[in-house]
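The values are calculated or read from the model by the stated rules, or taken from the named source; none is laboratory data. Please read all numbers here as calculations on a predicted model, not as lab measurements. Positions of Cβ are backbone-derived with ideal geometry, glycine not excepted, and every protein chain shown enters the neighbour counts. The protein model used for the area step is the full one, side chains on, heavy atoms only, and it has no ligands, DNA or RNA in it. Shrake-Rupley method; radii C 1.70, N 1.55, O 1.52, S 1.80 Å.
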Amino acid sequence: YLKERGISKATAEGWGLGFTGDRLMVPLRDVQGRTVAFTGRALAGQMPKYKNSPSDLLYDKSRLVFGLDKAAESVRKKREVVITEGQFDVIKLHQEGISNVVACSGTALTEQQINDLVRRCGAKTVTLCFDGDAAGEKAAYKALEKLQQLVLSETITLRILSMPDGEDPDSVTREHGAKYMGDLIADAPNWVQWWLGRELDKVNLEDIES
């Protein structure tokens, strides 16, 4: 399965990927790199597709940012963080040398996660990189709502990159290569451009009433 996803042995070992029963296991680590929980991904079509450890004193999914233990240094250096939806997006992009990438660990972006990224890691630019489907668009709007105060106070610059329909950062990188994906991130539109583009897509500009 990992070979199909283009994940190397060294990457699998580095991220602690493992296997139990019929699930691929992904450790969830805190910012210090300590494993506090796991995500299990079904390999043979079982439901649910993804299953997380239950929340407890060590693991609070509203706080945990997946990949931040590996991305923190790069985020501090570049002053920019790229936030994706999926854990494999993060793992794949890190493998390809794009190391300032994290994910929201199966939950909508929360105030606590934003605080960790912006205040603890010094991110000045936040690029949301969400899947090219209705759920990805909904997630982007929700994140925009949460980030609005930081954006309007000019604490951060927000950019939003929507993947092509039905694609995610992992699949785009596999199909087109890391340079292509890196260029997409670098050219991601400002949130106002993204938002206006989305709204204008719903309007027939040829029709005066519309």
Worksheet, complete the sentence: Residue-normalised value, i.e. accessible area per residue, for region 74-133 at 1.4 Å probe, in Å², stands at 34 Å²
Discussion item. Pairwise over distinct Cα atoms, reciprocal of the mean inverse distance: report the Kirkwood radius of region 121-161 in Å, one decimal place.
Written reply: 10.6 Å
Discussion item. Please report the carbon-and-sulfur percent of the accessible area for the chain; probe 1.4 Å, protein heavy atoms only, DNA, RNA and ligands left out.
Written reply: 51 percent
Fill in: Ratio of the Cα radius of gyration of region 46-143 to 2.2 N^0.38 Å, where N counts its residues
1.05
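Output the Kirkwood hydrodynamic radius of region 1-72, Cα pairs only, in Å rounded to one decimal. Show your work: numbers first, answer last.
Working: mean 1/r = 0.0766 Å⁻¹.
Every distinct Cα pair counted, the radius reaches 13.0 Å.
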Worksheet item: Working out 0.36 nm times the residue gap between T125 and N190, then minus their Cα-Cα distance, what length gain in nm do you get to one decimal?
Response: 22.4 nm
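Normalised by the number of residues in the chain, what is the relative contact order in percent for Cα pairs under 8 Å and 6+ residues apart? Mind dumping the intermediate values first?
On the way: 331 pairs, mean separation 31.6, N = 210.
Reported as a whole number, the value is 15 percent.
For region 126-210, what is the per residue volume of the convex hull drawn over the alpha-carbon atoms, in cubic angstrom?
Working: hull volume 10.0 nm³, N = 85.
Once divided by residue count, the hull of region 126-210 is 118 Å³.
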Discussion item. Set the bar at 24 Å for Cα to Cα. Now go through K70/K179; K9/K142; K78/K138; K70/K138; K3/K61; K142/K179 and name every pair that lies beyond it.
Written reply: K9/K142; K78/K138; K70/K138; K3/K61; K142/K179
Worksheet item: Among 146-159, 109-122, 196-209, what's the highest-first ranking by average C-beta atoms within 10 angstrom per residue?
Response: 109-122, 146-159, 196-209
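Give the peptides 40-48, 61-69, 84-92 in descending order of average Cβ contacts within 10 Å, highest first.
On the way: 40-48: 12.3, 61-69: 22.0, 84-92: 24.7.
Packing order, densest peptide first, comes out as 84-92, 61-69, 40-48.
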Practice prompt. Give the long-range amide H neighbours of T125: residues separated by 5 or more places, or on another chain, with amide H under 5 Å away, using H modelled in the peptide plane at 1.01 Å from N.
Written response: E80, V81, T157
Worksheet item: Quick one: what does P(r) look like for the chain with 5 Å bins over all Cα pairs, in whole %?
Response: 1, 7, 15, 19, 20, 17, 10, 6, 3, 1, 1, 0
Worksheet entry | Alpha carbon centroid spacing (whole Å) that separates region 118-150 from region 53-88 | 13 Å
Fill in: Reach of K202 by Cα under 13 Å, taken over aspartates and glutamates that are not fewer than 8 positions away in the same chain
none
Worksheet entry | Reachable aspartates and glutamates from K77, criterion Cα separation under 12 angstrom, eight or more residues apart if same chain | none
